[in-house]
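Only the coordinates and a few stated rules stand behind these numbers; no lab work does. Everything numeric in this text was worked out from a predicted model, so none of it was measured. Here the Cβ positions follow ideal geometry from the backbone for every residue, glycine too, while neighbour counts run over all protein chains shown.
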């Protein structure tokens with residue numbers, strides 16, 4: 001959860017904090033779970049243009065050939081919603097907005113972690 005091992009999670013996070021972590025181990029015998037903020041924040045910087053809603057909780061369906069299956073009521077040829085599918089469009093837009101919020105929160109977390117890491121390096 002930090003650059004160093006954390007014995008007391010409250011040193012790094014608080015109850016009701018919402019953040020992205022990577023699950024690195026599940027120990028069923030000891031009923032423990034190991035999480036990593038650092039590993040969740042590692043990797044290439046993702047630009048906003050590269051936003052992929054499926055990586056932030058939005059489901060996607062594909063046919064046997066690997067082609068994306070569009071939501072019911074969406075016309076793939078015109079890239080518009082067909083008349084009469086307002087509830088499907090609204091639900092899709094809601095799911096997309098939630099995924100985008102998660103993406104932006106993750107980007108913010110990564111930026112804050114980078115600033116904290118740089119500050120810790122200067123302090124050493």
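Spin-label pair residue 12-residue 90: with each label point 7 Å from Cα along the Cα-Cβ axis, the two points sit 4.2 nm from one another. Cβ-to-Cβ counts within 10 Å put 102, 94 in ascending order as 94, 102, the fewest first.
Compactness check for the stretch 75-124: Cα Rg over 2.2 N^0.38 Å is 2.02.
Just from its helices, what would the mean residue ellipticity at 222 nm be for the chain, if runs of 4 or more DSSP H residues each count -39500 (n - 2.57) and the sum is divided by every residue, rounded to the nearest 500 deg cm²/dmol? Intermediate results must be reported in sequence, preceding the final value.
Details: 2 runs with 43 residues, N = 124.
Estimated from H runs of four or more residues: -12000 deg cm²/dmol.
Counting beta carbons within 10 Å around each of 36, 87 and listing the fewest first gives the order 87, 36.
Computed on the Cα atoms alone, the convex hull of the chain gives a volume of 174 cubic angstrom per residue.
Per residue, the convex hull spanned by the Cα atoms of the stretch 1-42 measures out at 81 cubic angstrom.
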